[in-house]
Amino acid sequence: DEHASVQAFDGIQFDKWMNDNSNWGRWGKDDQLGTINLITSKERIAAAELVKTGSVVSLSRVMGTVKTLDNPTPLQHTMNETGDRSEHGAATDTYSVSYHGFGHSHYDALCHMFHRGKMYNGYSKLIVTDDGCKKNSVLGIKNGIFTRGVLIDLPWLRNQKMLQPGTAVYTEELELWEKTTGVEIRSGDVLLLRTGRWLAREQNGVIDLETGIAGLHASTINWLHSRNVAVIGSDGITDVIPSGSTDELAPLHKLIIVSLGTTLFDNLDLDELSQIARKHNRWEFLFTTAPLAVKGGTGSPINPIAVF
């Protein structure tokens with residue numbers, strides 16, 4: 001049973017990880033960017049130089065419009081004007097979506113999570129009101145993210161099609177991936193973790209992901225901090241569930257966002273990216289994306305692009 005092997009930890013250990021890896025104050029007491037600060041002009045220029053063939057691949061799922069166990073808040077897409085119902089010779093429509101959760105490819109802003117009443121850099125959770133987030137909102141990356149992306153393809157490393165739901169990944173495996181590929185994770189990178197979640201969904205059917213999803217164990221927070229990763233994304237929610245925590249459903253989510261000040265990309269589709277990376281044995285590429293510019297937003301649906 002994979003679940004039985006997930007290392008358990010308590011609230012004391014969680015708080016220790018939270019404190020030991022804190023970036024609060026690292027870029028000043030008023031900072032709202034967190035590890036986005038690590039993406040400097042130097043990193044952007046180096047990332048642009050990774051483009052060799054010009055081939056592109058989207059890392060977004062097509063937004064689901066049907067309610068399922070793993071997408072209880074599907075996109076509502078309403079046509080206002082159509083070919084046979086148009087006043088101005090145009091088609092128009094309305095999108096409405098609650099994008100957080102397990103269903104949609106999205107970005108988590110730094111005001112998305114709190115611990116002990118605080119969000120990243122010590123701001124009070126009480127400044128998130130009906131008007132949105134007064135600090136740490138999605139506008140922190142209004143200028144977009146343009147840096148080196150690195151794919152850690154765990155099924156490839158394990159010579160498996162996919163990781164089974166509930167499979168935990170530890171630091172040793174991340175370091176083994178570096179050693180095997182010769183690619184070292186470095187400051188300013190977007191780290192993309194593929195577990196084969198969408199293949200698992202096809203094979204196992206739709207399940208309640210609060211009962212099991214593959215991902216990183218919370219103890220990897222020390223390694224993520226030491227590597228100065230700028231952004232983390234995955235085809236799940238980064239966390240393994242069950243997480244091993246006595247208190248937190250997704251402890252790594254909280255540690256990454258609140259302590260590191262690192263933004264997360266959830267529910268990406270990394271399968272085509274994996275095929276290209278395997279074919280050309282290229283695990284690094286230019287990664288670029290930008291959110292919807294919503295004042296006070298806790299995140300945004302996204303469609304990131306990898307360019308080879």
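Each other residue within a Cβ distance under 11 Å of M113 adds +1 if Lys or Arg and -1 if Asp or Glu, for a net charge of +1. Measuring with a 1.4 angstrom probe and ignoring ligands and nucleic acids, S245 comes out at about 30 Å² accessible. Just to verify a number: FRET efficiency for D131 and R186, C-beta to C-beta distance, R0 = 45 Å, to 0.05? Taking R0 as 45 Å, the efficiency between D131 and R186 is 0.70. Annotation: lysines with alpha-carbon distance below 22 angstrom to K179 (same-chain offsets under eight excluded): K161, K279. Each stretch of four or more DSSP H residues adds -39500 (n - 2.57); spread over every residue of the chain, this sum gives -5500 deg cm²/dmol at 222 nm. Taking amide hydrogens as modeled 1.01 Å from N in the peptide plane, which residues meet the under 5 Å criterion relative to G233, leaving out close sequence neighbours? Amide H neighbours of G233: L191, L192, L193, F265. For segment 40-97, the fraction of C-alpha pairs farther apart than 15 angstrom is 71 percent. Accessible area ranking (1.4 Å probe, heavy atoms, ligands and nucleic acids excluded), largest first, for W24, W156, W223: W24, W156, W223. Given a 1.4 Å probe and the protein chains as shown, E43 ends up with an accessible area of around 40 Å². Kirkwood radius for the chain, taken over all pairs of different Cα atoms as the inverse mean of 1/r, rounds to 19.9 Å.
Beta bridges per DSSP, both residues in the chain: antiparallel share near 65 percent. Ranked by solvent-accessible area (1.4 Å probe, protein heavy atoms only, all chains present), the residues F146, F287 order from largest to smallest as F146, F287. Taking every Cα-Cα distance in segment 117-215 and sorting them into 10 Å bins starting at zero, the pair-distance distribution P(r) comes out as 13, 29, 26, 28, 5 percent. How fast does segment 212-308 diffuse by Stokes-Einstein, in µm²/s, taking the Kirkwood radius from C-alpha pairs at 20 °C and 1.002 mPa s? Once the numbers are plugged in, D ends up at 144 µm²/s. Antiparallel beta bridges, as assigned by DSSP with both residues in segment 112-229, represent about 35 percent of the total such bridges. Three principal axis extents of segment 3-153 based on alpha-carbon atoms, in descending order, are 62, 41, 41 Å.
Let's test the formula: R0 of 41 Å, r as the Cβ-Cβ distance of V51 and E175. What FRET efficiency results, to the nearest 0.05?
Plugging the Cβ-Cβ distance into 1/(1 + (r/R0)^6) gives 0.90.
Evaluating 6.51 cos²θ - 1.76 cosθ + 1.60 at θ = phi - 60° for every residue in segment 198-204, the Karplus couplings come out as 6, 5, 4, 5, 4, 6, 8 Hz, glycine and proline recorded as x.
Within a straight-line Cα-Cα reach of under 18 Å, K42 can be paired with the following aspartates and glutamates, leaving aside sequence neighbours fewer than 8 residues apart in one chain: E184, D189, E284. With a 1.4 Å probe rolled over the protein heavy atoms of all chains, the accessible area of T94, T220 falls in the order T94, T220, largest first.
The values are calculated or read from the model by the stated rules, or taken from the named source; none is laboratory data. For clarity, every value in this text was computed on a predicted model and none was experimentally measured. Cβ: placed from backbone, ideal geometry, glycine included. Neighbour counts: every protein chain shown. The accessibility values were calculated without ligands, DNA or RNA, using every heavy atom of the protein model including side chains. Shrake-Rupley method; radii C 1.70, N 1.55, O 1.52, S 1.80 Å.
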